[in-house]
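Step one of this worksheet: look at the structure below.
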Amino acid sequence: MLKKQGFYFKNIKSLFWVPIVLLFILIPVVIGTLYNTMAEQEAAALQQMLRIFQQVIPLFSTWWLVFILREYIDGDGAEILYTYEGVYRSKLGLVLFTLACYLALLAFDYAFLSVLYAKWTSIIWVDYVKMGVVCLFFTGLTYLVMYLLRSTIAGMVCSILYYFAISLSGQMSNPFISVYFDYGGGQTGFVSPMDLKTRYIPVLFLAAALFALAYIRERQYRIH
């Protein structure tokens, strides 16, 4: 099983390293920079870091997924690939596996934060749970759009368009249309356990619905 998943990662070649560079080089550099420049303002520095996390991390949560599935959706030989695999096998397991790998690596960034800001540890890990739910939502949305529109590029772009639509419309804190958290806005400044219950459990159910619809659409896509 893991050998097969590893083959998928190997097959996208240098594109595999983009999330790795983000999570293990760029994000730590941002953390270290803000930690040094805002040493006397821990709360403000942490809030700014989590805001940057939210802007960037969900957008790359589907990176591996998009480039792995492009041969099955965009490629000229997609039908041949499905024929070669024989009995229908959903890519749902692969979708969840790529997300799980991404979130596992992301945990190192949150662990780094919790070491630097030890007294904020509980807040940091609550935010990690929130981030996991947001990434799950984006993965489900991308999975659905890719098979619905028969385009992996459309799946990638939908996440970017969603972010800018919410950000530019000033609806970041609107729980009915936004999965994002408005750090320092009209809310408490950090995600709380209560926010997970009242705001992100519904997002979790929405993500599950997106996955279910995507799975159904994938089966239809495979049949045709």
Quiz item: Can you give the net charge of the other residues whose Cβ lies under 15 Å from the Cβ of VAL145, counting K and R as +1 and D and E as -1?
Solution: +2
Quiz prompt | Within straight-line cross-link reach of LYS4, lysines at Cα separation under 27 Å, skipping those fewer than 8 residues along the same chain | solution = LYS13, LYS91
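Which whole-number percent is the relative contact order of the stretch 100-218 (Cα, under 8 Å, 6+ apart)?
Relative CO of the stretch 100-218 lands at 32 percent.
Could you give the length gained by full extension between PHE205 and TRP125, i.e. 0.36 nm per residue of separation minus their alpha carbon distance, to one decimal place?
Working: separation 80, 0.36 × 80 = 28.80 nm, distance 2.09 nm.
Result for the pair: 26.7 nm of gain on full extension.
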Quiz item: Which of these values of P(r) over Cα pairs in 10 Å bins from 0, in percent was calculated from the structure shown: (i) 7, 31, 34, 19, 7, 1, 0; (ii) 8, 27, 21, 15, 11, 7, 4, 3, 2, 1, 0, 0; (iii) 6, 23, 27, 20, 12, 8, 3, 1?
Solution: (i)
Quiz item: Where in the chain are the DSSP H helices whose alpha-carbon span along the long axis reaches 30 Å or more and whose Kyte-Doolittle mean is at least 0.5?
Solution: 92-116, 121-149, 201-223
Quiz prompt | Charge-dipole axis of the chain as Lys and Arg at +1 and Asp and Glu at -1 on Cβ define it, positive-most pick from ILE201, VAL30, GLN220 | solution = GLN220
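Around THR198, what is the net charge, scoring Lys/Arg as +1 and Asp/Glu as -1 over all other residues with Cβ under 15 Å from its Cβ?
Working: positive: LYS130, LYS197, ARG199; negative: ASP182, ASP195.
In short, +1.
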Quiz item: Rounded to the nearest whole Å², what accessible area per residue is found for the stretch 106-224 with the 1.4 Å probe?
Solution: 48
Quiz prompt | Carbon/sulfur fraction of accessible area - the chain, other protein chains in place, 1.4 Å, % | solution = 69
Exercise. With only Lys, Arg, Asp and Glu charged, each at its Cβ (+1 for the first two, -1 for the last two), find how big the charge dipole of the chain is about the Cα centre; round to the nearest 20 debye.
Key: 540
Quiz item: LYS119: which lysines have alpha carbons under 20 Å from its alpha carbon, excluding same-chain residues fewer than 8 sequence positions away?
Solution: LYS130
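The values are calculated or read from the model by the stated rules, or taken from the named source; none is laboratory data. Because the structure is a prediction, the values reported are computed rather than measured. Because the Cβ atoms are built from the backbone with ideal geometry, glycine has one as well, and the counts that use them run over all protein chains shown. Heads up: the accessible areas ignore ligands, DNA and RNA and are worked out on the full protein's heavy atoms, side chains in. Shrake-Rupley method; radii C 1.70, N 1.55, O 1.52, S 1.80 Å.
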